[in-house]
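The values are calculated or read from the model by the stated rules, or taken from the named source; none is laboratory data. Everything quoted here is computed from the prediction, not taken from an experiment. Here the Cβ positions follow ideal geometry from the backbone for every residue, glycine too, while neighbour counts run over all protein chains shown. Quick note on the areas: whole protein, heavy atoms, side chains included, nothing else; ligands and nucleic acids left out. Shrake-Rupley method; radii C 1.70, N 1.55, O 1.52, S 1.80 Å.
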Amino acid sequence: MTEPVHSIPVTSVPDPAADRVVVVDVREQDEWDKGHAPGAVHIPMADIPARLDELDPDDELFIVCRSGGRSFRVIQWLNTVGYDATNVTGGMVAWQKAGRTVVDSARPRFHLLDE
């Protein structure tokens, strides 16, 4: 049986600048380039198993994608390998709608994602 996935709304995600808080964005490169949370770590969903050593199990991990589906699946897998991570409900779409800062390389800070 699959363990339940812990999820929280974007408004409850702590500032990624806080000590031991890591936001992991599991979207594809083109999605990341359009805008991401400041301080987030980019590891596309398909790369998570191969890059697992980049995630410290002692960190507070918040997993985000575009709308919450891929991050939910990543959390399910992380739970099976001993990580305790939190799904960000609604993903970057909800992040933007909540008015949280979004950055990209072309326009740092306050860039809006494509709807």
Handout entry: Whichever residue in the range 78-89 is under 14 Å from the mean Cα position of the chain (by Cα) and open to solvent by 20 Å² or more (accessible area, probe 1.4 Å) and, among such residues, is farthest from Pro14 (Cα to Cα)
Key = Asp84
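Thr101 - would you say it is β-branched (Val, Ile, Thr) and within 12 Å of the chain's Cα centre (by Cα)?
Criteria not met by Thr101.
Any residue that is in contact with a strand residue (DSSP E or B) (Cβ under 7 Å, 6 or more places away or on another chain) and on the phi > 0 side of the Ramachandran plot - is there at least one of those in the range 37-51?
yes
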Exercise for the section: Mind telling me which of the residues Arg107, Arg66 ends up being at pLDDT 95 or above, under 19 Å from His36 (Cα atoms), open to solvent by 80 Å² or more (accessible area, probe 1.4 Å) and out of contact with any Leu (no Cβ under 7 Å at 6 or more places or on another chain)? Expected result: Arg66
Exercise for the section: State all residues of the range 28-70 that are part of a loop (DSSP other than H, G, I, E, B) and farther than 19 Å from Arg100 by Cα; if no residue qualifies, say none. Expected result: Glu28, Ile43, Pro44, Ile48, Pro49, Ala50, Arg51, Leu55, Asp56, Pro57, Asp58, Asp59
Exercise for the section: Test Asp15 against the stated conditions and say whether it is open to solvent by 70 Å² or more (accessible area, probe 1.4 Å), out of contact with any Asp or Glu (no Cβ under 9 Å at 6 or more places or on another chain) and over 20 Å from Gly99 (Cα atoms). Expected result: no
Problem - Residue count, the range 48-63 (criterion: under 15 Å from His6 (Cβ atoms) and open to solvent by less than 70 Å² (accessible area, probe 1.4 Å)) - result: 4
Problem - Pick from the range 1-12, criterion closer than 23 Å to Lys97 by Cα and of a type outside the set (Val, Ile, Thr), ranking: least open to solvent (accessible area, probe 1.4 Å) - result: Ser7
Exercise for the section: Please find, among Met45, Met92, the residue that is open to solvent by 60 Å² or more (accessible area, probe 1.4 Å) and modelled with pLDDT of 95 or more. Expected result: Met45
